[in-house]
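Working notes, beginning with the structure itself.
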Amino acid sequence: MQLFTQAEIRHIEDRYQDFLKVIHEKFDEERLARIEKAFRFANAAHEGIKRKSGEPYIIHSIAVAKIVAKDLALGATSIVASLLHDVVEDTEYTVADIENMFGEKVAHIVDGLTKISGDFDSRQALSLKKILTTISDDVRVILIKLADRLHNMQTLDSMMPQKRIKIAGETLFLYVPLAHRLGLYALKHELEELSFQHKHPNEYNQIRYMLHNQEEKRNYLIDKFIKPIKEKLNEENVEFTISHRLKSTYSIWQKMQNKGVSFNEVYDLMAIRIVIKPKPEISEKRQCFDVLSTVTDIYKPKPDRIRDWITIPKINGYESLHVTVMGPQGKWVEVQIRTERMDEIAEHGFAAHYRYKDISVYEAELENWIEKIREHLQSPESDAFEFLNDFKLNLYDNEINVFTPKGDMYFMPKGSTVIDFAYEIHSDLGNKCIGAKINQNLLPITHVLENGDQIEILTSEKQTPKLDWLKYTTSTKARTKIKDAFKLEKNKHIEKGKIIVEEAIKKENVPLTFNNLKKIIAHYNLNNKEQLYSEVGMGFLELNELSQILGKKSQNKLIKYWNITFSKKKKEEEVEEVEKDIEEEIENSTKKIDKQKPFILKEGHDNIDFSLAKCCNPIPGEKVIGYLSSDDHVIIHKIGCKEAEKLLSSKGELIVTAEWTKFKKQSYLSRIHINGFDRVGIVNEVSNVISKENNINMRSIKFDTTEGIFEGELFLYIHNTEDLNKLISQLQKIKGIDNVSRVENLYD
Ligand code: MN
């Protein structure tokens, strides 16, 4: 029976021929035959199966193989494995079948890919552990996985919106850092752009539009800037290309978010890249520095903004020279200088190293990194999610290099302290560390290391690891070791925490019911009782907002009950029984939340079914998602909130879409930041707009003026985004006001 139409069969064949065009020159007959065999086999195996988009499934496999061949420039074995990557997962065939037909290596890679498959696996932390295990096994598994993810992102349109957001979040959270760590900048860039586009379509389109608007002006300025450089380099007989590096929409948006600046402020930073074709007789490094000196002869460099990643490349293999110079329009311009080889590595990372066959140095680094991963994986007790968070911190390569007294070099994450370094060398050294001698100075364990430091760790037999060392550690290794030391005492912390929590609740004159505990757990975004107890027990969490959390309404009801029971002088067991009954009653009366439907946030409800996350303080009207903290309670986060992103990737199955109804009565505390030029009467005008024109209640308002520039911080009670936007646009119209923005975090 024919499972596909003629048109579909033709479509598959066309795509395959396209793919062959990309690879046929690179491989000999024997390899091409293996690839052909893999395709025919996969095509037959997936016959009749379609993707969500309606396309035959095999089109996806071909696309992944194409990315693997073209963008990652991997060899025939990887291409064969890519074509087969979903066969074991989606068809009847087994790894053993693959091994019989394509050999051990291919089977091994396909097996690895199958183990980490499941794009919508909600336990991403566990997935990461699996991924890392496969990296330490065969790095090609993760490279193919990244290609697979890229194609899934490219075809995300056919997914349901909620899934799209989930997948995009997961991509940003997991795959982007991995791509970065492997130096696959081009792929990373594309993953980022696609994720951003799906997660924040409006912002994405806005930035695209603004970029488009400025194109002409931008091109003019760039031409003007590079003209003298071009002329000079031509005079000097340098073979080069010079290009403008356009910031990605995602990185622009991120800067706007993180620094709270406008598009224009971010956008102002221009970047130019000069790629030279080096002459064979002189060292590449020398030639790059020659170009640097040509550039800084023309434009003044910013002091200490010359970055040399040629002498010591970044840990992911990146080599380049960066300098920031003052351009002709009085604006800083970043100039990157590198050779063609370095450029290739910068774009294609790991794969390029293979092509240039200079993998020895890089491989040693990678091997080093993988060794670290193995160590972490070996700690059987490590909580998968904790592990993920700690590990992610280390995926980005803001590294410094420091030295032991003997002169051995170590790469450490930026911000590492003496403790980090001590644990890096040996856990005994960490556990006993009391300080260090750095460049002849005695310094405490909390001291932050700097590039080039030479460090001698000082120890004492009396020292033991302290929990608050976690505040001063960055590296995964140190954090894991310190936590391990304390996990042994976990039960003690839980017991201690339980007592503190129970006493605190009693102090509020509220009974100790499961429902009340649940409110506290939800308020602090925790998962369960144990977590609450241990956080409190370890002193990480202070319960100073209890009266707020255990809201008035339920309090009254329960106090009444409390009094009755006590007036009747029941025995304690009986009290507990009644409590249980009430709990059950409450439990049964509150409806379970349907995960499939969007969660509607209604006003007027006493809000027992949802609470607003403290990390991002959403206000009515904003784009939000919900996290099911229990069957009947949802915690609302802003889309894009970092905490929410974490939840998306670790507990995706507990995320629901959410919408606000019109909120008119209830209001929410919001923090607004404004700045501008000080003039007489401006404060008056601001408060007039707020209270008279908009009738908004103020909690506090604070202004600071220095040298004619003022900054104001307003705490206002806002009903919804509509009101907020109206207010912001009116404030912005006041003469002298430069910028008005909302600050998500209510407390610094
Ligand atoms: Mn796939």
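Here are the numbers for the structure shown:
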item: Qualifying residue in the stretch 46-54 (condition: touching a Lys or Arg at 6+ places or on another chain (Cβ under 8 Å), within 16 Å of the ligand (Cβ to nearest atom) and under 15 Å from Asn152 (Cβ atoms)); result: no
item: Subset tally (residues that are at pLDDT 85 or above and touching a helix residue (DSSP H, G or I) at 6+ places or on another chain (Cβ under 6 Å)) for the stretch 450-471; result: 3
item: Which listed residue, of Glu363, Glu319, is within 30 Å of Pro228 (Cβ to Cβ) and either modelled with pLDDT of 80 or more or not small (Gly, Ala, Ser) (or both); result: Glu319
item: Sole exception among (1) at pLDDT below 80; (2) over 21 Å from Thr721 (Cα atoms) for Leu628, by number; result: (1)
item: Single residue of the stretch 232-278 satisfying the filter (within 24 Å of the chain's Cα centre (by Cα) and polar (S, T, N, Q)) that is nearest to Gln329 (Cα to Cα); result: Ser262
item: Selection within the stretch 628-644 - open to solvent by 10 Å² or more (accessible area, probe 1.4 Å) and in contact with a Leu (Cβ under 7 Å, 6 or more places away or on another chain); result: Leu628
item: Residue among Lys529, Lys518 that is in contact with a helix residue (DSSP H, G or I) (Cβ under 7 Å, 6 or more places away or on another chain), at pLDDT 80 or above and either β-branched (Val, Ile, Thr) or open to solvent by 20 Å² or more (accessible area, probe 1.4 Å) (or both); result: Lys529
item: The stretch 67-90, residues that are open to solvent by 10 Å² or more (accessible area, probe 1.4 Å) and within 13 Å of the ligand (Cβ to nearest atom); result: Ile67, Asp86, Val88, Glu89, Asp90
item: Qualifying position, being in contact with a helix residue (DSSP H, G or I) (Cβ under 8 Å, 6 or more places away or on another chain) and assigned to a strand (DSSP E or B), among Ile690, Ile672; result: Ile672
item: Subset of the stretch 218-230 (residues that are surrounded by 15 or more Cβ atoms within 10 Å (Cβ to Cβ) and over 14 Å from Leu292 (Cα atoms)); result: Arg218, Leu221, Ile222, Phe225
item: Tally, over the stretch 477-529, of residues that are assigned to a helix (DSSP H, G or I), closer than 27 Å to Asp609 by Cβ and either among the β-branched types (Val, Ile, Thr) or in contact with a Cys (Cβ under 7 Å, 6 or more places away or on another chain) (or both); result: 4
item: The one condition in (1) assigned to a helix (DSSP H, G or I); (2) at pLDDT below 80; (3) not aromatic (Phe, Trp, Tyr) that Ser293 fails to fulfil; result: (2)
item: Boolean, Lys471 is open to solvent by 30 Å² or more (accessible area, probe 1.4 Å), closer than 22 Å to Leu543 by Cα and in a helix (DSSP H, G or I); result: yes
item: Criterion: acidic (Asp, Glu), in the same structural domain as Thr476 (by TED's automatic domain parsing) and buried (at least 22 other Cβ atoms within 10 Å of the Cβ) - qualifying residue of Asp453, Asp408, Asp420; result: Asp420
item: Qualifying residues in the stretch 153-172 (those that are open to solvent by 20 Å² or more (accessible area, probe 1.4 Å) and at pLDDT 90 or above) - the one nearest to the ligand (Cβ to nearest atom); result: Thr155
item: Count - residues of the stretch 601-625 that are modelled with pLDDT of 75 or more, small (Gly, Ala, Ser) and out of contact with any helix residue (DSSP H, G or I) (no Cβ under 6 Å at 6 or more places or on another chain); result: 1
item: Qualifying residues in the stretch 55-65 (those that are free of Cβ contacts under 8 Å to residues at least 60 places away in the same chain and in contact with a Lys or Arg (Cβ under 9 Å, 6 or more places away or on another chain)) - the one nearest to the ligand (Cβ to nearest atom); result: Tyr57
item: Close pairs from the stretch 231-259: first surrounded by fewer than 17 Cβ atoms within 10 Å (Cβ to Cβ), partner assigned to a helix (DSSP H, G or I) and hydroxyl-bearing (Ser, Thr, Tyr), Cβ under 6 Å, at least 6 apart; result: Lys232/Thr294
item: Residue within the stretch 700-720 that is part of a strand (DSSP E or B), free of Cβ contacts under 8 Å to residues at least 60 places away in the same chain, of a type in the set (Gly, Ala, Ser) and buried (at least 20 other Cβ atoms within 10 Å of the Cβ) present; result: yes
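Yes/no matrix, rows are residues, columns are (1) out of contact with any Gly (no Cβ under 6 Å at 6 or more places or on another chain); (2) of a type outside the set (A, V, I, L, M, F, W, C); (3) crowded, with 16+ Cβ neighbours inside 10 Å; (4) over 25 Å from Asp738 (Cβ atoms):
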| site | (1), (2), (3), (4) |
| --- | --- |
| Glu653 | yes, yes, no, yes |
| Thr661 | yes, yes, no, yes |
| Gln666 | yes, yes, no, yes |
| Ile672 | yes, no, yes, no |
| Asn675 | yes, yes, yes, no |
| Asp678 | no, yes, yes, no |
| Gly681 | yes, yes, no, no |
| Glu693 | yes, yes, no, no |
| Ile696 | yes, no, yes, no |
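The values are calculated or read from the model by the stated rules, or taken from the named source; none is laboratory data. Computed from a prediction, not measured in an experiment: that's the story for all the values here. A quick note on method: Cβ atoms are made from the backbone with ideal geometry, for glycine too, and the neighbour counts reach across all protein chains shown. Heads up: the accessible areas ignore ligands, DNA and RNA and are worked out on the full protein's heavy atoms, side chains in. Shrake-Rupley method; radii C 1.70, N 1.55, O 1.52, S 1.80 Å.
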